[in-house]
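Scroll down for the structure; my scribbles are underneath it.
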Number of protein chains: 2
Amino acid sequence: MENRNTAPVGVFDSGVGGLTVVREIARQLPDENIIYFGDTARVPYGSKSQNTIIRFSEQIIRFLKTKQVKAIVIACNTASALALDAVRDEFDIPVMGVVIPGARAAVEATRNRKIGVVGTDATVQSGMYTKVIHEMAPDVTVIEKACPLFVPLVEEGFKEHVVTREVIKYYLESMRDTDIDAMILGCTHYPLLRSKIRDYLGEKIQIVNPAYETAMDLKELLREQNMENGGATLEHSRYAFYVSDAAEKFRMFANTVMPFDVPTTNVVNIEEY
Amino acid sequence: MENRNTAPVGVFDSGVGGLTVVREIARQLPDENIIYFGDTARVPYGSKSQNTIIRFSEQIIRFLKTKQVKAIVIACNTASALALDAVRDEFDIPVMGVVIPGARAAVEATRNRKIGVVGTDATVQSGMYTKVIHEMAPDVTVIEKACPLFVPLVEEGFKEHVVTREVIKYYLESMRDTDIDAMILGCTHYPLLRSKIRDYLGEKIQIVNPAYETAMDLKELLREQNMENGGATLEHSRYAFYVSDAAEKFRMFANTVMPFDVPTTNVVNIEEY
């Protein structure tokens, strides 16, 4: 089983957001090799239909399988909410998403049993967070709110701009006026706005980033299935990055997010998979 | 040549923006049938690379050709700026874009020979408007400015929101402080923000919407090539709408833009073309 253990973990997202999950996996599982795919040619996913999200996810998993990944993390809440069940049935390797880990973290964090969830239109319309939270804790009240401009703001590099503060206020004013005491960042792009969101919401609401629990769950999965890597690296680098478009823009962005230098990023014509 | 004359005109854009061009064609050429394609699965185009924009445009033109279109209007500034030359060489039917008509309208409008252009990142980085304007009028000063959040704002239905006013101010403050007297809306989504942009810029700057000149150029092209339609309609409706995703969302949006009722919208798997 040596090959299986040294094989990389595949991680994907619609764009740069999933890097917040890679960052956490790299921190908690420093011996694992990672192949990341960002679907920058078709970002954003949050405004698209379930059929399309499933088709895009299938193409990406087929691509990642050509890289002999041993497990896949869907580092995108929209694809986790809309495509996880479909692709789990279809592919013969373990696939996990970020919604279940995120929901569990929020249920553990709340004291007053009131949780807020922010995400894309598609994630919120799916009601998946509310469903998963209620399976874990039927007594919890869940308030969901779609923030469709957050992904474009992050993808366009606006996290420090005045406009971003205005957009955060616009979306989160109603959330701040509730008495929730925990709020899930239900989109992997949103942790990149975390400090601005915290500035606006204040200290009474604990902000939950599903990336941390996702990395923990991945660790558990690899241990259970005896697939942990002893430390052998992938070719010359532990991490490899692929995108469907605009590799240089992605690489520059990734270098602002990741705690290590992001090497070359390769472009894949994902529609061929 | 009867078949060729009654054949529809194909019009495409990355999403809903091209509807502003359809609206103008419908007004100026009421006898022409139109097949519209909006690439809603892959919107926005403005942050993508030239190779990707060319590949997407080729797929869409191949799809439109299956509908026996007699001519194609690229109702997207990004694709006009980055893909028009490539696809013109490749396909055997007339293809026109919106950049040349828009540039001509602005050159005619300016009195002080100073023109502003707003568009997507990709359009502005291409420098295509400056190049085309200088071919027509070398003495004109052109100031270009990318406004990457305008497309997400329009696609997400934010045109009436407070946030939009803030974003307009953020992008156009420097433009307002220049002494340009004409500004091209160099993205077909932007006319949907026109009244807000005008409110911000005031009356001294004439806002140029390339859609009007594009429809005039199309009329001229059809006349020259003896391809005008005498009035026979396309099946049961003069206009047919196709998208690559989220047909119902598109249809509802289209109904707010078009002066007539938009019938069913069909989803096409554009990656197969």
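The table below gives the values:
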read-out: B:LYS219 versus A:LYS65: modelled label distance in nm, points set 7 Å from Cα along the beta carbon direction; value: 5.6 nm
read-out: Residues of type aspartates and glutamates that B:LYS219 reaches as a straight line, Cα spacing below 18 Å, ignoring anything fewer than 8 places off in the same chain; value: B:GLU2, B:GLU24, B:ASP31, B:GLU32, B:GLU228
read-out: B:PHE91 paired with B:GLN50, simple spin-label distance in nm, labels 7 Å along Cα-to-beta-carbon; value: 2.0 nm
read-out: Euclidean distance between Cα centres, region B:55-116 to region B:143-173, Å; value: 24 Å
read-out: Inter-copy separations for A:ILE93, label at 7 Å along Cα-Cβ, nm, ascending; value: 4.3
read-out: Distance (nanometres) between label positions extended 7 Å along Cα→Cβ at B:GLN125 and A:ASP199; value: 2.7 nm
read-out: Gaussian network model of chain A, Cα within-10 Å springs - most flexible of A:PHE260, A:PHE37, A:PHE56; value: A:PHE260
read-out: Size-normalised alpha-carbon gyration radius of region B:104-252, reference 2.2 N^0.38 Å; value: 1.20
read-out: Fluctuation leader among A:GLY15, A:GLY46, A:GLY230 - chain A, Gaussian network, Cα springs under 10 angstrom; value: A:GLY230
read-out: Inter-copy label distances at B:GLU248 (7 Å, Cα→Cβ; nm, one decimal); value: 4.3
read-out: With eigenvalues of the C-alpha gyration tensor scaled by 5 and rooted, region B:123-199, Å; value: 24, 14, 10
read-out: Column: log10 I(q)/I(0), Debye, Cα scatterers of region A:3-78, q = 0.11, 0.15, 0.19 Å⁻¹; value: -0.27, -0.49, -0.76
read-out: Cα-Cα separations in region A:155-223 greater than 21 Å, expressed as whole percent; value: 33 percent
read-out: Kirkwood-Stokes translational diffusion coefficient of the protein assembly as shown, alpha-carbon pairs, 25 °C, 0.890 mPa s, µm²/s; value: 100 µm²/s
read-out: List A:ARG88, A:ARG111, A:ARG176, ordered by accessible area with a 1.4 Å probe, largest first; value: A:ARG111, A:ARG88, A:ARG176
read-out: Per-residue ³J(HN,Hα) for region B:193-208, Karplus 6.51 cos²θ - 1.76 cosθ + 1.60, θ = phi - 60°, Hz, x for Gly and Pro; value: 10, 4, 5, 5, 5, 5, 3, 6, 7, x, 7, 6, 10, 7, 8, 9
read-out: Residues with amide H under 5 Å from that of A:VAL208, placed H, sequence gap 5 or more; value: A:MET183, A:ILE184, A:LEU185
read-out: 10 Å Cβ neighbours from other chains, averaged over peptide B:46-57; value: 4
read-out: 4 °C / 1.567 mPa s Stokes-Einstein diffusion coefficient of region A:169-273, Kirkwood radius on C-alpha pairs, µm²/s; value: 75 µm²/s
read-out: Pairs from A:LYS65/A:LYS145; A:LYS48/A:LYS196; A:LYS131/B:LYS159; A:LYS204/B:LYS48 whose Cα-Cα separation, in the structure shown, is over 29 Å; value: A:LYS65/A:LYS145; A:LYS131/B:LYS159; A:LYS204/B:LYS48
read-out: Cβ-based charge dipole, the protein assembly as shown, positive-most Cα from A:ILE34, B:VAL95, B:TYR129; value: B:TYR129
read-out: Amide H contacts under 5 Å for B:SER14, placed H, 5+ residues apart; value: B:ASP39
read-out: Amide H partners (placed H, <5 Å) of B:VAL95, local residues excluded; value: B:ILE72
read-out: With 5 Å bins from 0: P(r) over region A:9-152, alpha-carbon pairs, percent; value: 2, 10, 20, 22, 20, 15, 9, 3, 0, 0
read-out: Pseudo-label separations to other copies for B:GLY230 - Cα-to-Cβ vector, 7 Å, nm; value: 8.3
read-out: Peptide B:260-270, shielding by other chains (average Cβ, 10 Å cutoff); value: 1
read-out: Estimated vicinal HN-Hα couplings, Hz - region A:252-257 in sequence order (Karplus 6.51, -1.76, 1.60; Gly, Pro = x); value: 5, 5, 4, 5, 7, 9
read-out: Nearest 10 degrees, 0 to 90: helix A:50-66 Cα axis against chain A principal axis; value: 30 degrees
read-out: Dimensionless Rg ratio for chain B, taking C-alpha atoms and the 2.2 N^0.38 Å reference; value: 0.95
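The values are calculated or read from the model by the stated rules, or taken from the named source; none is laboratory data. What you see is a predicted model, and the numbers here were worked out from it, not measured in a lab. We place every Cβ from the backbone using ideal geometry, glycine too, and count neighbours over all the protein chains shown. In case anyone asks, the SASA skips ligands and DNA or RNA and just uses the protein heavy atoms, side chains included. Shrake-Rupley method; radii C 1.70, N 1.55, O 1.52, S 1.80 Å.
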